[in-house]
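The values are calculated or read from the model by the stated rules, or taken from the named source; none is laboratory data. Since the structure is predicted, the reported quantities are computational estimates derived from the model, not experimental observations. Note: ideal-geometry Cβ built from the backbone for every residue, glycine included; neighbour counts use all protein chains shown.
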Amino acid sequence: MTVTTSQPVTPQNKRNIFQQLELDVRLLGMIGAFIILCIGFNLVTDGRFLTPRNIFNLTIQTVSVAIMASGMVFVIVTRHIDLSVGALLATCSAVMAMTQTEFVPHVLGLGLNHPITWIVAVGVGLVTGTLIGAFHGWMIGYLTIPAFIVTLGGFLVWRNVAWYLTDGQTIGPLDSTFMMFGGTNGTLGTSLSWSLGLVATVAALLVLWNARRAKLAHDFPVKPLWAEVIMGLVVSGAILGFVAVLNAYDIPTRRLQRMFEAKGDVMPEGLTMGYGLPISVLILIAVAIVMTVVARRTRLGRYIFATGGNPDAAELSGINTRLLTVKVFSIMGFLCALSAVVASARLANHSNDIGTLDELRVIAAAVIGGTALSGGFGTIYGAILGALIMQSLQSGMAMVGVDAPFQNIVVGAVLVAAVFIDIVYRKRVGAK
Amino acid sequence: MTTPKELRAQGATPMVAMDDISVSFGGIKAVDQVSVDLHPGEVVGLLGHNGAGKSTLIKVLSGAYQMDSGEIRINGDKVEITNPRDARSHNIETIYQTLALADNLDAASNLFLGREIVTSTGLVNDAAMEAECRKIMGRLNPNFRKFNEPVSALSGGQRQSVAIARAVYFNARILIMDEPTAALGPHETQMVAELIQQLKAQGIGIFLIDHDVHAVMELCDRASVMKNGQLVGTVDIEDVTDDDLLSMIILGKKPGEAAA
């Protein structure tokens, strides 16, 4: 059929500044809450909260939960839940620990700290996580067992598979290259961090520019140029500011001395070196970018959100929702394994209780980040910001000296309050 | 152009023939050996009470349900339709009573759901889809403006036009409309009626499921009436009155027959 008329694109007037910037008000609210939180803790702790050192630690502590939270967004968006992520992390961590301390050195006879150890260990771990996730997804999608039950079972099973694999022992120390994924043991140093920051800034600006060009090419409304410029400045400032802060945290002198001694050198007097970007944070950033692209720009992501919005409609549109469930849980399993790499490398060993209660932190991060348990809504950046807010709250309270039971009471209360605010907000803007 | 009636008189092969279709759910025969057919440019109304089996019959054609026995032929060739993708590949499009829209996505995403336009790198091309969506909506519903909002923010008529756009955009040859005007006001109902005339003129065959006998009298060429899963009969609209149709629906008897 021929199409003659095209829909006229009418510019809308009377828009406020947020609409002109096309910013997500919800995101702004979260960022606002986060900033207030940080400033508040900073005042109470006499400026100890917002030091490069604390920000660095906060960042590397957040990574593991944040990686899993980005996968949990997909799970919750498709109206499922995964209660087994902490246990799955433990199993992956146990498998990787055994691979690098038993399998590679003794079975393959390559000894400790062989250059290929970390590759084998990480590879085995990621495959394990993905397969277990796919198995969960198959039970949920094809056998139609509710996700709550499958992953509740998985919670018990995988926690204890990990125990069985390691005889309940703490396995360590881990491979030295492997431990570079943990944070403090693997950073890029200042100059490399700056270069990466600059590259990221340029890339971000290109993305903004291309988005505008694509809209103009189709004669869609675009935001005013001044708004684009402000967005560009904010984004560049955020990236470079983040790099600057992490670079400003100097490696402690004692530690630097040991690093030189390990190489057989003597440390020059008065030398200081900044940590720069931790590798684990780069992994998180990569995960965030890939998951966001998947969510927004791929068919898989479109189907995940469509299924969450209306499973029947998705099915009637020819989407294989069963296979989709398998894919979503495979992604979750893969990300659990990736988190296991970061978590065990940060601790420098595999311990029996690794990842305990992580499932609740991960779900809380996703939900605080605006993922609706009714399905269909959620963002990756929201979940990561949610994880950061939770971690800040926890470590801020520890710094202030709040008793441990009160810390958890506050975190629990904040979770419920955040969801309530979200419900009120959604009602106000009329979204379901 | 030959009218559908002439085509039938000539004994032309129908574009869709559903023969002896049976579907049962847990021992209950929802559809019992029903046969219907459809010619190009023809509108066939499917009438019957709630639970008469109209929607079940038509969901077999759209791939949502599996039949237990029977045969579907498209232009004379036997086809297997086991899922909605199969139906779409035969250019069968369906507008469901529930509209089957993902409420959290915008109009363009719903229009192209399952058939996204992708860029050379395999990523979905939202800009291109929105442009296409604006084109077709400009034709179907020129007042439609909410392209960047989730369809949950749309009115009943606007949602309906998204569902209709999805069915007609992809060059449907066979269109199934399950109570397309159920949620609409008089003005929008008129819009759908005009659209049906327009699609008919393009040679598209339409199965129209409706409760409203008057709408069927106005829009359809033939009507097939179902009761308790069985076909009461198929009649030419020209040969019957409203009352004839009503007695077929309520009493299950064809015009001219004595009440059963």
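Pull out all pairs, ordered by first then second residue, where Cβ-Cβ is under 6 Å, the residues are six or more apart or on different chains, the first lies in region A:31-45 and is closer than 14 Å to A:Ala418 by Cβ, and the second is modelled with pLDDT of 90 or more and among the basic types (Lys, Arg).
none
Kindly provide the set of residues from region A:248-282 that are farther than 14 Å from A:Arg53 by Cα and within 28 Å of the chain's Cα centre (by Cα), ordered by number.
Across region A:248-282, the qualifying residues are A:Ile279, A:Ser280, A:Val281, A:Leu282.
Could you look through region A:169-202, keep only residues that are surrounded by fewer than 16 Cβ atoms within 10 Å (Cβ to Cβ) and modelled with pLDDT of 90 or more, and pick out the one that is farthest from the chain's Cα centre (by Cα)?
Out of the qualifying residues, it is A:Gln169.
Specify the residue that is nearest to the other protein chains (Cβ to nearest Cβ); the eligible residues are those in region B:106-124 that are part of a loop (DSSP other than H, G, I, E, B) and crowded, with 23+ Cβ neighbours inside 10 Å.
That would be B:Leu113.
Counting only residues that are of a type in the set (D, E, K, R) and surrounded by 15 or more Cβ atoms within 10 Å (Cβ to Cβ), which one in region B:73-99 is farthest from the other protein chains (Cβ to nearest Cβ)?
Result: B:Arg73.
Within the group B:Gly63, B:Gly70, B:Gly45, which residue is closer than 28 Å to B:Ser152 by Cβ and at pLDDT 90 or above?
The match here is B:Gly63.
Which condition number in (1) within 17 Å of A:Thr187 (Cβ to Cβ); (2) of a type outside the set (A, V, I, L, M, F, W, C); (3) modelled with pLDDT under 80; (4) touching a helix residue (DSSP H, G or I) at 6+ places or on another chain (Cβ under 6 Å) is the one that A:His218 fails?
The number of the failed condition is (1).
Give me the residue from region A:83-100 that is crowded, with 24+ Cβ neighbours inside 10 Å and touching an Asp or Glu at 6+ places or on another chain (Cβ under 7 Å) and, out of that set, modelled with the lowest pLDDT.
A:Gln100
Which residue is farthest from the other protein chains (Cβ to nearest Cβ), if the candidates are limited to region A:217-248 and must be exposed (fewer than 12 other Cβ atoms within 10 Å of the Cβ) and more than 25 Å from A:Leu196 (Cα to Cα)?
Looking at residues that are exposed (fewer than 12 other Cβ atoms within 10 Å of the Cβ) and more than 25 Å from A:Leu196 (Cα to Cα), I get A:Trp226.
Looking at region B:37-59, I want the residues that are touching a residue at least 60 places away in the same chain (Cβ under 8 Å) and over 18 Å from B:Tyr96 (Cβ atoms) and have a partner that is part of a loop (DSSP other than H, G, I, E, B) and small (Gly, Ala, Ser) with Cβ atoms under 8 Å, at least 6 apart or on another chain. Which pairs are those?
As it stands, the answer is B:His39/B:Ala12; B:Pro40/B:Gly203; B:Gly41/B:Gly203, since those pairs meet every condition given.
Can you confirm whether region B:210-229 contains a residue that is within 14 Å of another protein chain (Cβ to nearest Cβ) and either under 19 Å from B:Ala163 (Cβ atoms) or crowded, with 23+ Cβ neighbours inside 10 Å (or both)?
Scanning region B:210-229, I find no residue that is within 14 Å of another protein chain (Cβ to nearest Cβ) and either under 19 Å from B:Ala163 (Cβ atoms) or crowded, with 23+ Cβ neighbours inside 10 Å (or both), so the answer is no.
Scan region B:165-187 and give yes if some residue there is β-branched (Val, Ile, Thr), in contact with a Ser or Thr (Cβ under 6 Å, 6 or more places away or on another chain) and more than 12 Å from chain A (Cβ to nearest Cβ), otherwise no.
Within region B:165-187 (the criterion being β-branched (Val, Ile, Thr), in contact with a Ser or Thr (Cβ under 6 Å, 6 or more places away or on another chain) and more than 12 Å from chain A (Cβ to nearest Cβ)), the answer is yes, since at least one residue qualifies.
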